[in-house]
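Derivation of every value follows stated rules applied to the coordinates shown; laboratory data play no part. Because the structure is predicted, anything quoted here is derived from the model rather than measured. Virtual Cβ from ideal backbone geometry, glycine too; neighbours counted across all protein chains shown.
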Amino acid sequence: MRVLVLNSGSSSVKYLLAEVEGGGAGEPDVRPVLRGRIERIGVPGGVAADHRTAIAEVLRRVVTPGEAPVAAVGHRVVHGGERFSAPALVEGAVWEAIAAADDLSPLHNAPCLAGMRAAEALLPGVPMVAVFDTAFHAGLPEAARTYALPRALAERHRIRRYGFHGTSYRYVLGRYARLAGLPVAEATVVAFHLGNGCSATAILRGRSVETSMGASPLEGLVMGTRSGDLDPAIVGLLARKEGFQAERSVHLLNRESGLLGLAGRSDVRDLLAREAQDGAARLALAVFCHRARKYLGAYLAVLGGAQAVLFTGGIGENAAPIRERICAGMGWCGIALDPAHNRAVAGEEACVSPPGTPVPVYVIPTDEERQIALETAGVLAPRAAPG
């Protein structure tokens with residue numbers, strides 16, 4: 001089955017055209033045909049002003065007008081709400097359900113829908129599958145997914161913690177299990193997905209039991225343009241002092257805060273290059289790493305210890321100084337890095353801890369597109385099976 005994957009992030013679009021074969025008793029084989037990435041969407045100097053333009057460019061690169069070279073299109077969708085705990089064929093009410101979740105994921109679901117509409121127009125009749133980031137966290141324990149709000153209000157509006165980056169965590173967990181020689185169901189780790197959007201997840205015996213993002217991707221770690229955790233009273237203060245209405249505050253916290261708000265830049269690469277001369281860049285990176293280290297300690301407590309710490313995402317895979325600062329001072333719980341080896345690793349799969357470290361640290365490049373291709377083929381395979 002030839003599958004086109006569209007993965008729209010908050011500042012990038014990655015795509016993969018792949019052949020998926022096999023399955024049954026073994027893992028299907030995914031063979032890339034064409035892979036690419038459009039980065040820095042909406043950033044001065046980038047190749048695309050917005051996600052709609054970027055996705056259209058992706059489709060122009062991989063789709064020949066008038067032909068249908070793929071059997072299916074798989075889309076990464078950030079928020080599946082309570083309805084979706086598994087991949088879904090995009091048809092009927094699925095469109096409306098994805099759009100309805102956009103209130104909780106204002107940086108993501110709308111671009112995903114734009115990609116779906118573009119793919120539907122360019123590839124008429126080709127089935128599409130939505131693969132949801134929230135699905136990996138669908139089984140969060142009740143205590144971890146519940147906010148301390150009036151119960152009737154939370155139930156009426158389905159306000160709960162959902163978690164995100166699940167497709168990435170599913171892939172990275174599988175790779176770690178192979179490296180460690182463990183079944184996935186026996187793997188207990190703390191994992192960080194650090195990119196323009198950032199999150200941490202505590203995984204106990206192969207299942208997500210706690211994660212930093214909540215009802216929307218705004219909660220948790222400091223991110224490129226998102227604030228992460230903050231005192232909710234700040235929203236009321238802004239309303240009183242600045243006259244901010246709710247939508248203005250949501251926009252501020254999602255698009256004008258985080259590293260951008262602290263230092264005027266949202267890209268960690270830029271901040272690392274500037275920090276020696278720029279106090280704002282130094283502070284932004286310090287806040288970023290402090291928040292992540294706080295979550296690392298908290299999730300070790302949630303798990304009662306871990307077998308490993310995993311870093312993935314554009315920052316996690318490539319920014320050795322960030323990995324070093326997050327893990328600094330964690331020797332008391334068995335976490336240590338080999339400084340020279342850590343600095344040498346960028347974008348490759350490696351353990352960056354000294355041999356014999358009780359809780360080793362791994363860098364594992366994510367491949368959400370491969371995971372989406374697998375899950376897309378898995379949804380459509382029963383439809384194509386004889387009988």
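For the chain, what does the alpha-carbon gyration tensor say about shape, rounded, prolate or oblate, given a ≥ b ≥ c as the root eigenvalues, a/c under 1.5 as rounded, and a/b over b/c as prolate?
The shape class here is rounded.
Per DSSP H run of at least 4 residues, take -39500 (n - 2.57); add these up for the chain, divide by its residues and hand me the 222 nm value, nearest 500 deg cm²/dmol.
Mean residue ellipticity, 222 nm, calculated: -12000 deg cm²/dmol.
Kindly put Asp278, Asp29, Asp231 in sequence by how many other C-beta atoms sit within 10 Å of each C-beta, fewest to most.
Least to most surrounded, the residues fall as Asp231, Asp29, Asp278.
Considering the Cα positions of the stretch 212-284, please state its Rg to one decimal place and its Dmax as a whole number of Å.
Looking at the stretch 212-284, its Cα Rg and Dmax stand at 13.3, 38 Å.
Taking every Cα atom in the stretch 181-363, find the radius of gyration and the maximum pairwise distance Dmax, and write them in Å.
Final numbers for Rg and Dmax: 17.2, 56 Å.
Is the shape of the stretch 43-82 best called rounded, prolate or oblate, per the rule: a/c under 1.5 gives rounded, else a/b larger than b/c gives prolate, else oblate, with a ≥ b ≥ c the square roots of the Cα gyration tensor eigenvalues?
Because a/c hits 1.5 or more and a/b fails to exceed b/c, the stretch 43-82 counts as oblate.
Hey, what did the stretch 181-363 get for relative contact order, percent, Cα under 8 Å, at least 6 apart?
21 percent
So for the stretch 181-363: antiparallel DSSP bridges make up what percent, rounded to the nearest 5?
60 percent
Putting +1 on Lys and Arg Cβ atoms and -1 on Asp and Glu Cβ atoms, find which of Pro32, Asn254, His75 reaches farthest to the positive end of the dipole of the chain.
Asn254
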